[in-house]
Amino acid sequence: MFKELLIKELADKIFDKRFLWFTILCMFTLLITESVLLNDYKTERNDYNLRLLTQKEFIDKYAHENRIGDMLDIQRPPAKLRLFAAGISSDMEVNTFTNNSFNVLFPPIDFVLIITVIYSLIAILFSHNSFSGESENGTLRLILSNQVSRVKLTITKFLGGMLSIIISLIISLAIGVIYILMDNSISLDSNDLMALGLIFLLSVFYISIFYLVGMICSAFTGSSSSSVLLSLFIWAVFTLTIPNLSPWVASQLYRVPSINKFEKEVKIIKGIERDDLGRNLCKEVYEKYPDLLNIIKSAKDEKLLLAKLENNIGLKNEYVAFQKEIANAWDKANAIQSAKSENISVDFFSKVDRQIALTKEISCISPVADFSYAVSDMAGSGIHAEAYFKDIKKNFEVSLWQFVEARVAKIKKTDVMYDVNKYIDIKDRPEFSFREENVSGRFSATLSYCIVLLVFNALLYLTLIRQFNRMKV
Amino acid sequence: MLQAIDLTKRYEDQQLALDALNLEIKEGEIFFLLGANGAGKTTTINLFLNFIEPTGGRALINGIDVTKEPLESKKYVSYVSENVMLYGNFTARQNLDFFAKLGGKTNLTRDDYYMRMREVGLQEEAFEKKLKTFSKGMRQKVGLTIAIIKDAPNILLDEPTAGLDPKAAAELLQILVNLKRQGKSILMCTHDIFRAKNIADRVGIMKEGRLVMVRTREEFMEDDLEKIYMNYMQEMVIEKV
Amino acid sequence: MIKLFIKKELLENIFSFKFLIMFLLMFFSLNTAIFIMTKDYKARLQNYDILKPSKNEAFAITYPTPFSIFAHGLDDNICNLYQITFGGQIETGSQKQAINKIYNFFNTPDLLYIINIILSFCAILFASDLITREKEQGTLKLIFSNGIKRPAFSLGKWIGGYITLIIPIVLSVLFGLIFFIILAKIPFQFSDFIRLLIFLFFVLVYLAGFFSLGLFISIVSRSSAFSMFFSLIVWVSLVFIIPRSGNLVAKQFINIPSVQTIEIKRSQIFIKAIFEYINSHYEKSKIPQGIINQQNDKIREDYLNKLNAVESIARKITSISPASDLTFLCTDLCNTGFREEQRFKTFVIMFKEQVKNFDSDSDGNLVGDFTPFSYARSPLSDFFNLAMMLHFSILIMYILIPVILGYYAFLKFDVR
């Protein structure tokens, strides 16, 4: 009985004229998207290699301690699976005068969009009629006059319909993957393929949410025309409105002072305030050495002063002590102000982190947000993936700095004339290499989103059963 | 007066839906067109309403050729379709109002509509109810009221009694008899032989696009109409065997 | 007769379930959008006050425009803080809020977004069963059994349906304007309302396009279900697929380096110049500002030229879709579009030319006499140009083509 119902449902969907139409549309869109994104990926990889090369040549030629930090900016290689989820583009992280503004107005298309907009819409169009259509035809009564429980009927309807969509999804996804594999410039290893498999699973969970919404509306309204409207509008609210609004609402709920204000404060603390403090501290030192100060003031320039000091050993010692105290005073001012700014920035960034966390949590009430976060993290272009890169980058930078400091110490031993603007040879520095996180790591990062998607499914399914049991036949 | 002269319709797929129909329905006459599904009854009505173009012959309404002057000819005809859904969001009165104005009756008041609805036997409380709450019989009555209000000399009915309970169907036919007395020409397509027997002035039987038999009231009252009808139908079965 | 059809259409739709849901969706999303973007505008205005340069700072910054509430567009880029530093380098301040990362995943929910996507969805869906439903109800036959001219019916259908569609929009927008803009004392001047009226006019034209498309599809479809399905496919293609693939496709034609590469090159120029200067043992009398400036200019110009080429191709591709045409039109109208961004950048570059030869103090601020940066958004008269006319005419085409095709299709429409 179960099998017959399932097959009937599946056949009903697959031989629907619309099935062919939309499978072709999705295949076509996905193929174009993949081919364009693949090209984009290749350009980006070339760009990345070029960046590495320029950086390497530059450091080999111009490395010096003073600005080595600016030179050793670690670059992130483009993630392979960005083909499927654009996520956070690395270009967007850089905020410059020369931005590509087109991305701001028209974010690029990717697999996530195809699932969240096209497939979920199709799911609604396929399911909104599951009970109301049969009720209008009278076939529902016919089916239920046999030994079929209502729960069983909902399961077969759900599985049959989803199966037909999954078939279409597999066809388009497979064609996309085959296209990528045929292009030899990109090699997907087992890690990537597993991630792809998980992306596919996530997509299925996501689509099924909207399939269930359609079914619930069908059982709720009992008429095809109202059910399609209701479910489409629910779709619009969940897909187009809530995910876009929620981050903004969250940022209103938990306000963080603007980063510009924070930067300005830090600038003042480390600038004007530090200077004032330093000068005050110096004044105290000046008061200790009134005689010396007079001599310094009377001397016209440094040479004369030095000559004067050469002649008087006591004065010379005093001068050295004086200089040391002045330096100490500035160091003290620096230390106090740094600690102050450090406090502020720790406070500020913890607030920011809290805001980001809150925003994410609030936006998770929309399945679209869950899905986009999960897929982009799985693909290596999401927020978690970025944090993972930054961790590795930080560790590497520490070791690199240790290397540079050791090298500088070594040079200092032999070269008395050394100063921070002098060239240092660090051609044998350690190379940075980055591998994307393995699948299990990515999976654990996306687990919470998966759970939310599954909870959505479960809740909707329970609602469906309740609603269908109440439906008059 | 409704006239069909050699009226022929062949569809694009070469199927002959109507084969040289000759028919004349006079004022004050009810003509019943009987026949199986696909015999050409609805095609005849569609041709009279110029919903499709004939491939041969002419259809005349009060002497006006419907293909030559489609808009003019429609002044003189009202139409009641099988299973009228009408506008579900409108009340019965609103539906009447809209269609009355379409039919050129612009100066009717609310009371006029109420009066007409009372005439066809609609319940008072239904007048201002939305049509989507109506049963099929009630909807059909509203459809008939629309035709009555238009007050055209010719009325075309396409299986108006299909799916109605016997009481509702009887009421509907009584209204038709009243209309006939007012001098209307009525063409009604139906499967319903019993009703035909009761009120028809003439009966035609259609088969595969041809009008195979016409009997006046006197003629079919002598012979049993059912028998005649079944004979014609069986002939078809035998032919096929 | 047309009047009768319009009246019937209005009455029939306004009391329908579809209209109710549509009204709720529009009212909710339009007003939330206005509310949120007003808040955002105020926050950015405060931010501007913080950043406003004191007299000696070589900062280029401008105030956010209240029109960013309607079309946010590139206003974040325009209102960025640009600091001119040593050697004529243009440094950028951090973006206003640190949660940009999450914004990256979704579009900014301004009024334009809601109109572009949600209202077009409503419009095409609303129209997609106007004819097929009448057919399924049997009322179409009944109507044409009276002597009704088909153009009268279709025109009445168009006008009546369109009016029902825009009633909730106009009401919601008015509500939002009164409560969130006028009562919240957002600094709108009288002349700004003219801009607002033009904005609304574009929106109405845009929605008329989708409405006509839906009606056309409804005429040529056999059933409501198919008509709805086909309308949604058309909607997805026009609103999502075409606008979002334009940039990617354009990049296939022109090889453009990433922003990161440009940044690396820029920083290298500076480091190299200073390094060479210091290690030449002070032989050169002056720090080579000129060289840094020149090389930076070259890189920037090179890059901006390529970027403009990509943008112009992308613009051509995306213009096929009315959704992008509306985006171009409205962002330009609200002074938050590409045109305004470019204009602002030219001003910044002009400012940079003025201060490029100044020395910097220990904090990195430039020292010297200069007139502080000031910028006013472009006047309304600048808006009317050829490019705007082109986008507008495409919007009009989206009304005309389906209306004309629909008109002829309806003349041949099979009423049976």
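The values are calculated or read from the model by the stated rules, or taken from the named source; none is laboratory data. Since this is a predicted model, take the numbers as computed values, not measurements. Cβ: placed from backbone, ideal geometry, glycine included. Neighbour counts: every protein chain shown. Calculation scope for accessible area: heavy atoms of the full protein, side chains included, ligands and nucleic acids excluded. Shrake-Rupley method; radii C 1.70, N 1.55, O 1.52, S 1.80 Å.
How large is ³J(HN,Hα), in whole Hz, for each residue of the range A:49-66 in order, when computed from phi with the Karplus curve 6.51 cos²θ - 1.76 cosθ + 1.60 and θ = phi - 60°, using x for Gly and Pro?
Computed from phi, the couplings for the range A:49-66 are 4, 4, 4, 4, 5, 4, 5, 5, 4, 5, 5, 4, 9, 10, 4, 8, 4, 4 Hz.
Expressed as a whole number of Å, what is the distance separating the alpha-carbon centroids of the range C:116-163 and the range C:354-416?
34 Å
If the reach is capped at under 16 angstrom between alpha carbons, list the lysines near A:Lys308, excluding any in the same chain fewer than eight residues apart.
The reachable lysines, counting only those whose Cα sits under 16 Å from A:Lys308, are A:Lys297, A:Lys300, A:Lys316.
Taking the DSSP beta bridges in the protein assembly as shown as the whole, what percent of them are antiparallel, to the nearest 5?
Roughly 60 percent of the beta bridges in the protein assembly as shown run antiparallel, per DSSP.
Given the rule -39500 (n - 2.57) for each run of at least 4 DSSP H residues, summed and divided by the residues of chain A, what is its mean residue ellipticity at 222 nm, to the nearest 500 deg cm²/dmol?
-25500 deg cm²/dmol
Would you please give the residues with an amide H less than 5 Å from that of C:Ser16, counting only those at least 5 places away or on a separate chain, with H modeled from the backbone geometry?
none
Test of the criteria: in the range A:348-435, which GluC sites (Glu not before Pro) are in a DSSP loop and have at most 10 other Cβ atoms within 10 angstrom of their Cβ?
Answer by residue number: A:Glu431.
Quick one: grab Rg to one decimal and Dmax as a whole number for chain A, Cα atoms only, in Å.
Values for chain A (Cα only, Rg and Dmax): 32.9, 119 Å.
Run the numbers for C:Lys412 and C:Ser223: contour at 0.36 nm per residue of separation, minus the present Cα-Cα distance, in nm.
Taking 0.36 nm per residue and subtracting the Cα distance, the gain is 66.4 nm.
What is the spin-label model distance, in nm, from A:Ile451 to A:Ser187 if the labels are put 7 Å beyond Cα along the C-beta direction?
3.8 nm
Ratio of alpha-carbon Rg to the 2.2 N^0.38 Å globular estimate for the range A:337-402, to two decimals, please.
Working it through for the range A:337-402, the quotient is 1.47.
Between A:Leu459 and C:Leu24, what FRET efficiency comes out of the Förster formula 1/(1 + (r/R0)^6) with R0 = 25 Å and r the beta carbon distance, rounded to 0.05?
Once rounded, the FRET efficiency stands at 0.65.
Setting aside same-chain residues fewer than 8 positions from B:Lys180, which aspartates and glutamates have a Cα under 13 Å from its Cα?
B:Glu27, B:Glu29, B:Asp151, B:Asp201
Ranked by accessible surface with a 1.4 Å probe, highest first, in what order do C:Met388, C:Met350 come?
Result, largest first: C:Met350, C:Met388.
List the residues, sorted by chain then number, that are 5 or more residues from A:His64 or on another chain and whose placed amide H is less than 5 Å from its amide H.
A:Ile424
At 1.4 Å probe size, what's the solvent-accessible area of C:Val236? Round to the nearest 10 Å².
Roll a 1.4 Å probe over it and C:Val236 shows about 10 Å².
Of B:Leu96, B:Ile228, B:Ile199, which is farthest on the positive side of the dipole of chain B, counting Cα position, with +1 on Lys and Arg Cβ, -1 on Asp and Glu Cβ, and the Cα centre as origin?
Looking along the dipole axis, the top candidate is B:Leu96.
In the calculated pair distance distribution of the range A:265-350, what percentage of Cα-Cα distances lie above 15 Å?
Value for the range A:265-350 (Cα pairs over 15 Å): 65 percent.
Amide H neighbours of C:Asn146 under 5 Å, at least 5 residues apart or on other chains, H built in the peptide plane: list them.
none
Lysine pairs in the range C:115-190 with alpha-carbon atoms under 18 Å apart, 8 or more places apart or on different chains: how many are there?
Lysine pair count for the range C:115-190: 5.
Karplus couplings for the range A:459-469 from phi (6.51 cos²θ - 1.76 cosθ + 1.60, θ = phi - 60°), rounded to Hz, Gly and Pro as x?
3J(HN,Hα) across the range A:459-469, in whole Hz: 4, 5, 5, 4, 4, 4, 4, 4, 5, 6, 5.
Rounded to a whole number of µm²/s, how large is the Stokes-Einstein D of chain B at 10 °C and 1.306 mPa s, given Rh as the Kirkwood radius over C-alpha pairs?
86 µm²/s
Translational diffusion coefficient, Stokes-Einstein: compute it for the protein assembly as shown using the Kirkwood radius over C-alpha pairs as Rh, at 25 °C and 0.890 mPa s, and state it as an integer in µm² s⁻¹.
Calculated translational D: 70 µm²/s.
Per residue and in cubic angstrom, what volume does the convex hull of the Cα atoms of the range A:38-177 have?
In the range A:38-177, the Cα convex hull volume per residue is 165 Å³.
Over all pairs of distinct alpha carbons, what does the Kirkwood formula give as the hydrodynamic radius of the range A:171-272, in Å?
This gives a value of 18.9 Å.
I'd like the distance separating the alpha-carbon centroids of the range A:217-241 and the range C:8-45, in whole Å.
For the range A:217-241 versus the range C:8-45, the Cα centre distance is 18 Å.
Using each residue's phi in the range A:161-175, evaluate 6.51 cos²θ - 1.76 cosθ + 1.60 at θ = phi - 60° and report the 3J(HN,Hα) Karplus result to the nearest Hz, with x for Gly and Pro.
Each residue of the range A:161-175 in turn: x, 5, 4, 5, 5, 4, 4, 5, 5, 4, 4, 5, 5, 4, 4 Hz.
For the range C:2-411, what ratio Rg/Rh do Cα atoms give with a Kirkwood hydrodynamic radius?
In the range C:2-411, Rg relative to Rh is 1.09.
Just by accessible area at a 1.4 angstrom probe, what is the order of A:Asp370, B:Asp111, C:Asp414, B:Asp201 from largest to smallest?
I get B:Asp111, C:Asp414, B:Asp201, A:Asp370, largest accessible area first.
Just to verify a number: FRET efficiency for C:Gln189 and B:Leu108, C-beta to C-beta distance, R0 = 56 Å, to 0.05?
The computed FRET efficiency comes out at 0.55.
Relative to the longest principal axis of the C-alpha atoms of chain B, give the angle of the C-alpha long axis of helix B:225-240, reported between 0 and 90° and rounded to the nearest 10°.
Computed tilt is about 50 degrees.
For the range A:282-297 and the range A:49-92, what is the separation of their C-alpha centers, rounded to whole Å?
50 Å
State the answer as a single residue: which of C:Phe59, C:Asn77, C:Leu119 lies farthest towards the positive end of the charge dipole of the range C:2-411, with beta carbon charges of +1 for Lys and Arg and -1 for Asp and Glu, about the Cα centre.
Towards the positive end, the residue furthest out is C:Leu119.
Can you tell me, using C-alpha contacts under 8 Å and at least 6 residues apart, the relative contact order of the range C:2-411 as a whole percent?
Relative contact order of the range C:2-411: 28 percent.
Please grab the % of Cα pairs in the range C:1-87 that end up more than 22 Å from each other.
The answer is 54 percent, as a whole percent.
Give me the one-decimal nm value for the distance between modelled label points at C:Ile404 and A:Leu142, 7 Å along each residue's Cα-to-Cβ direction.
With each label placed 7 Å out from Cα toward Cβ, I get 4.8 nm.
Angle check, please: helix B:166-181 long axis (alpha carbons) against the longest principal axis of chain B (alpha carbons), in degrees 0 to 90, nearest 10.
Approximately 90 degrees, to the nearest 10.
Could you tell me what fraction of 2.2 N^0.38 Å the Cα radius of gyration of the range C:83-195 comes to, as a two-decimal ratio?
The value comes to 1.82.
Which whole number in µm²/s is D for the range A:103-160 by Stokes-Einstein, with the Kirkwood Rh taken over Cα pairs at 4 °C and 1.567 mPa s?
93 µm²/s
As a quick test, which of the pairs A:Lys80/A:Lys394; A:Lys264/A:Lys360; A:Lys17/B:Lys75; A:Lys42/A:Lys264; A:Lys410/C:Lys352; A:Lys427/C:Lys345 have an alpha carbon distance above 32 angstrom in this structure?
A:Lys17/B:Lys75; A:Lys42/A:Lys264; A:Lys410/C:Lys352; A:Lys427/C:Lys345
Students often get this wrong: which residues of the range B:1-29 have the backbone nitrogen under 20 Å from the point 7 angstrom along Cα-to-C-beta of B:Met221?
Counting backbone N atoms under 20 Å from the label point, the list is B:26-29.
Where does helix B:136-150 land angle-wise versus the long Cα axis of chain B, in degrees 0 to 90, nearest 10?
For B:136-150 against chain B, the angle is about 90 degrees.
Give the interface area between chains B and C as buried accessible surface, both sides summed, probe 1.4 Å, in Å² to the nearest 100.
That pair of chains buries around 2400 Å² in total.
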